[in-house]
Amino acid sequence: SFSGDGPSWSGRLVVLTDRATLGPAEVLAAVLRQKAGAELVGQRTFGNAGRQAMVEMSSGAVLFLADAFYTGPDLEPLDEPLEPDVRVESRLRPVADTGADEERPDAVLEKGLEILRQPAEKAA
C-alpha cells in the first residue's frame, strides 16, 4: 500500500546473493533484509556499496576509489560484505559432458526456491 497503512506484500521474501552482488544491489538487499524481513540466500556479497570518485594522477593514470558509502535503514555504512542468512557453498554449475546446451542447476536459486516452498512458521 502506498498510503503507509502497512506492507503491500505479506508473503515470504528471499534475496539471492553472491560475490557479484555489489553497489546498488547490496543497498537493495540491505533494505529488504532490514525493512521487509527478507532472507539472504547464497554467498556473501562483494562488500562495496560506495560512491565512486575519480582521481587523476600526475602520470596521467586515473585512480578510482570509494569516497563515501551508502547505508541501509540502520544507518550503518555498507562497507563490508553482507553475510547470507542461508549460505550456499558453491554457486559453480557442474560441467556437462553431453554438450553446452544442457540445462544445469543453479544451487543458489534452487535453495531459494526450496525455502519459499516451505510452509511459513506460525507466530506463537
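Just checking, how many residues over the stretch 8-19 are surrounded by 11 or more Cβ atoms within 10 Å (Cβ to Cβ), out of contact with any Asp or Glu (no Cβ under 6 Å at 6 or more places or on another chain) and not hydroxyl-bearing (Ser, Thr, Tyr)? Talk me through it step by step, then tell me what you get.
Let us first name the residues in the stretch 8-19 that are surrounded by 11 or more Cβ atoms within 10 Å (Cβ to Cβ), namely 12-19.
So of that shortlist, the ones also out of contact with any Asp or Glu (no Cβ under 6 Å at 6 or more places or on another chain) come out as 12-13, 15-19.
So of that shortlist, the ones also not hydroxyl-bearing (Ser, Thr, Tyr) come out as 12-13, 15-16, 18-19.
Of the residues in the stretch 8-19, 6 are surrounded by 11 or more Cβ atoms within 10 Å (Cβ to Cβ), out of contact with any Asp or Glu (no Cβ under 6 Å at 6 or more places or on another chain) and not hydroxyl-bearing (Ser, Thr, Tyr).
Can you say whether Arg87 is open to solvent by 80 Å² or more (accessible area, probe 1.4 Å) and either in contact with a Phe, Trp or Tyr (Cβ under 6 Å, 6 or more places away or on another chain) or at pLDDT 95 or above (or both), as far as the supplied structure shows?
Working: open to solvent by 80 Å² or more (accessible area, probe 1.4 Å): yes; either in contact with a Phe, Trp or Tyr (Cβ under 6 Å, 6 or more places away or on another chain) or at pLDDT 95 or above (or both): yes.
Spelling it out, Arg87 is indeed open to solvent by 80 Å² or more (accessible area, probe 1.4 Å) and either in contact with a Phe, Trp or Tyr (Cβ under 6 Å, 6 or more places away or on another chain) or at pLDDT 95 or above (or both).
For the stretch 58-77: of the residues being open to solvent by less than 90 Å² (accessible area, probe 1.4 Å) and outside any strand (DSSP E or B), which is modelled with the lowest pLDDT?
Looking at residues that are open to solvent by less than 90 Å² (accessible area, probe 1.4 Å) and outside any strand (DSSP E or B), I get Gly72.
Please find, within the stretch 26-52, the residue that is surrounded by the fewest Cβ atoms within 10 Å (Cβ to Cβ) out of those that are among the aliphatic types (A, V, I, L, M) and assigned to a loop (DSSP other than H, G, I, E, B). Walk me through it before giving the result.
Step one: of the stretch 26-52, the residues among the aliphatic types (A, V, I, L, M) are 27-32, 36, 38, 40-41, 49.
Add one more test, that the residue is assigned to a loop (DSSP other than H, G, I, E, B), and what stays is 38, 49.
On the way: Ala38: 18, Ala49: 26.
The qualifying residue surrounded by the fewest Cβ atoms within 10 Å (Cβ to Cβ) is Ala38.
On the given criteria, is Glu80 crowded, with 16+ Cβ neighbours inside 10 Å, closer than 29 Å to Ile115 by Cβ and acidic (Asp, Glu)?
For Glu80, the condition - crowded, with 16+ Cβ neighbours inside 10 Å, closer than 29 Å to Ile115 by Cβ and acidic (Asp, Glu) - is not met.
The values are calculated or read from the model by the stated rules, or taken from the named source; none is laboratory data. These figures come from a predicted structure and were not determined experimentally. Using ideal geometry, Cβ is built from the backbone for each residue, glycine included, and neighbour counts are taken over all protein chains shown. In case anyone asks, the SASA skips ligands and DNA or RNA and just uses the protein heavy atoms, side chains included. Shrake-Rupley method; radii C 1.70, N 1.55, O 1.52, S 1.80 Å.
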